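Structure, as structure tokens:
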Amino acid sequence: MNDAQILPGTGRGTAGAAGGGGGAPQATPLAATPLHHPADGPPPRAGEELIVLPDTRVEAWRWADPAAITAAAALPTTAAADTDALFLDLPGIRLLVIDGVPQREGLPPAAGVTFVTFDGGDHVLGAQAAGSGWRLDVAVGSTNDPVQVVHVATGGSNHLPAGIVLGDGATAQVVETYVGTGWSNRLTRVTLGKGARLMRAVRLLQTEGFVSLREEVTLAEDANLVTTMLGAGDAGTRVDAAITLAGNAGIAEYGGALLTRAEQKQECAVRVRHAAPNGQSHQLWRAVAADRSTASLAAAVEVARDAQKTDGEQSLRGLLLLQRTATVNLKPELEIFADDVKCAHGATVGELDAKALFYMQSRGIAPARAQALLTRAFVGDALSRIEDETVRVAFEADADAWLDRALGGAGAA
């Protein structure tokens, strides 16, 4: 079969049609980019299964970069990064994952984190993460201390599934950080019971390679999800999410900021499905692109026939930093089958406000400093939904560090 690809270093995979962004069914790709094993990694084994990565002619993958995954999977092994500073000053559980392997030593036995086997499902990225992974279970009515997970990649490819299960009325906070080099692929399944609330923040700080996240979320009645993503590293990124509001009056907030520079490409492909009435969804994404980089935001909302009184909002905004050589792609999408809904979307791409820059410079603020202040305000809009101040400040610092690099150090405070 010509459109199959060897998955580096796992012996897992599929051949045939593959799912696309946001969980929508996809046609069989017309072409494929072969994946190779790292030079210092194990050779392909006899009978090793194959994987298909969708071609960019598949609509949900139109802005994807399969060649970047190929390159990331072939990166040589490097030393693991120092992780001490990556854990924030928060109480609760700290889980370190190195090359897709959770380090269980020192994890409290009653922490609520267990290790189970996951079925990867039929999505092309999720299927690769099938196997043993970690799961957070929070009992009915309980409030869990924050859970921090730091993912360290040292080259080649690594895959890991995870689950977050909140009982009725439970509350939890999860913070994840990605660093290192290579291809890090994750499947995360989230199940929120009636009235449960999950606050989740994910920062993508890998210096090289690629991070692909497949997220599958189901909300019961009155459940509340707040997820914020920050792409502020130099690796390629694909955030691929399918969120279903299955119960009455569920609320899902899913968004963040993707910051790209040099030749980097980052993208999100998110689909929110309202399957029950009185639900609310808010997708707020911001993209900043510098140099010759590309940031792509595709956000879809589907409202089922019985999901009356739905309130769905999409806000996609892109900013070209310094010059017009970068690219920002925006694609909001509404599919409405109910007749009593309130859904709106906005998508704009522009540059920093020339009048605001002129005003700030007329008050003695240097041009680079003025650019930095306006860009921080633009990105801060997406990070403001992080309720925990310690987490929000850390994410803002990561965005500031990216901006300082993008401006060549001229934007430092």
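Quick rundown of the values:
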| read-out | value |
| --- | --- |
| Mean separation of Cα contacts under 8 Å, 6 or more apart, over the residue count of the chain: relative contact order % | 10 |
| Selection from Phe210, Gly195, Gln173 lying farthest towards where the dipole of segment 73-220 points positive, charges on Cβ | Gly195 |
| Computed magnitude of the charge dipole of segment 85-212 (debye, nearest 20; Cβ of K, R +1, Cβ of D, E -1) | 200 |
| Taking segment 164-297 and dividing mean pair separation by its residue count, relative contact order in percent (alpha carbons under 8 Å, at least six apart) | 20 |
| Added length on full extension, which subtracts the Cα-Cα distance from 0.36 nm per residue, Thr207 to Glu59 | 50.4 nm |
| Extreme residue, positive dipole direction of segment 70-169, given options Gly92, Ser142, Gly131 (C-beta unit charges) | Gly131 |
| Taking segment 290-357 and dividing mean pair separation by its residue count, relative contact order in percent (alpha carbons under 8 Å, at least six apart) | 42 |
| Computed magnitude of the charge dipole of segment 260-324 (debye, nearest 20; Cβ of K, R +1, Cβ of D, E -1) | 160 |
| From the coordinates shown, semi-axes √(5λ) of the Cα gyration tensor in Å corresponds to which of (i) 40, 22, 20; (ii) 33, 24, 22; (iii) 30, 27, 23 | (iii) |
| Heavy-atom accessible area ranking, 1.4 Å probe, most first, across Ile243, Ile365 | Ile365, Ile243 |
| Farthest positive-ward along the chain dipole, Cα basis, beta-carbon charges - from Thr228, Ala252, Ala295 | Ala295 |
| In nm, spacing of pseudo-spin labels at Arg363 and Thr171 (7 Å Cα→C-beta vector) | 3.7 |
| Given charges at beta-carbon only (K, R positive; D, E negative), |dipole| of the chain in Debye | 620 |
| Å² of accessible area per residue within the chain, as computed with a 1.4 Å probe and no ligands counted | 39 |
| Lysine pair number, Cα distance threshold 30 Å (strictly under), the chain, separation 8 or more or different chains | 8 |
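The values are calculated or read from the model by the stated rules, or taken from the named source; none is laboratory data. The structure displayed is predicted, hence computed values, not measured ones. Ideal geometry is used to build each Cβ from the backbone, glycine not excepted, and the neighbour counts take in all protein chains shown. Surface areas here come from the heavy atoms of the whole protein model, side chains and all, with no ligands, DNA or RNA. Shrake-Rupley method; radii C 1.70, N 1.55, O 1.52, S 1.80 Å.
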